[in-house]
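Worksheet for the structure shown next.
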Amino acid sequence: MQSSPVIFFNRVEYNRLKNQLIMSNLQITGTIKVITEVQSGVSKSSGKEWKKLTFVIGTGGEYPKDVSFTVFGNEKVDNFVKYNKVGQTVDVSFEPESREYKGKYYTDLNAWKVFTNKDGATASTEPATTTTEDAGNLPF
């Protein structure tokens with residue numbers, strides 16, 4: 001019987017890797033409600049051009065939430081604009097990032113992957129209704 005190799009990490013390295021895995025797997029599904037205009041500029045430090053946009057999704061469900069995301073980078077912004085539109089249901093993979101400014105902290109949710117929902121359906125923010133005909137077939 002062949003055994004699996006064992007890899008040892010010190011506690012600090014283990015916690016760093018664990019947090020990196022947890023933070024890189026954040027995902028939410030919702031319907032795009034707002035897509036802002038593309039913002040662009042030139043980096044002061046590198047002199048390179050940049051683009052970013054913000055979009056908002058609504059999660060629907062019993063307690064609906066609106067969640068705002070930032071897409072940053074020329075290629076990511078171009079692809080987002082090309083493949084997404086208001087009303088479309090998407091799966092958003094994101095990474096939270098906070099920064100300090102004058103003693104206050106500000107948090108951005110940076111979307112790094114946005115895909116059309118696997119079902120391809122447009123999510124509804126309206127609660128599902130059951131007709132009396134359907135209610136008779138329920139097991140409870």
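Give the cross-link partners of Lys48 among the lysines, using a straight C-alpha distance below 18 Å as the criterion and excluding same-chain residues fewer than 8 apart.
Of all the lysines, those that pass the test against Lys48 - Cα under 18 Å, at least 8 places apart if same chain - are Lys76.
What distance in nm lies between label points placed 7 Å from Cα along the C-beta direction at Leu109 and Phe72?
A separation of 1.7 nm, rounded to one decimal place.
Work out from phi, with θ = phi - 60° and the Karplus expression 6.51 cos²θ - 1.76 cosθ + 1.60, the ³J(HN,Hα) of each residue of segment 89-100, listed in order in whole Hz, and give x for Gly and Pro.
With coefficients 6.51, -1.76 and 1.60, one gets 8, 10, 9, 10, 9, 8, 9, x, 9, 10, 9, 9 Hz.
Quick query: amide H of Asn110 versus all other amide H atoms, modeled in the peptide plane; which residues come in under 5 Å with a sequence gap of 5 or more or a different chain?
Under 5 Å from the amide H of Asn110 lie the amide H atoms of Thr70, Glu95, Glu97, each far enough along the sequence or on another chain.
Of all GluC sites (Glu not before Pro) in segment 29-99, which ones are in loop regions per DSSP and have a Cβ with at most 15 other Cβ atoms within 10 Å?
Taking segment 29-99 and a limit of 15 other Cβ atoms within 10 Å, the loop GluC sites (Glu not before Pro) found are Glu37, Glu62.
Tell me, what HN-Hα J-couplings in whole Hz come from the Karplus equation 6.51 cos²θ - 1.76 cosθ + 1.60 at θ = phi - 60° for each residue of segment 41-55, using x for Gly and Pro?
x, 10, 5, 5, 7, 9, x, 8, 6, 9, 9, 8, 8, 10, 9
Looking at this model, which pairs from Lys52/Lys118; Lys65/Lys102; Lys51/Lys102; Lys52/Lys82; Lys85/Lys113 are more than 18 angstrom apart at the alpha-carbon?
Violating the 18 Å Cα-Cα cut-off are Lys52/Lys118; Lys65/Lys102; Lys51/Lys102.
Going by amide H atoms built from the backbone, whose H comes under 5 Å of the H on Gly60, apart from near neighbours?
Under 5 Å from the amide H of Gly60: Lys65.
Values in this text are rule-based calculations from the coordinates and carry no lab data. Note that the coordinates shown come from a computational prediction; the quantities given were computed from them, not determined experimentally. Ideal geometry is used to build each Cβ from the backbone, glycine not excepted, and the neighbour counts take in all protein chains shown.
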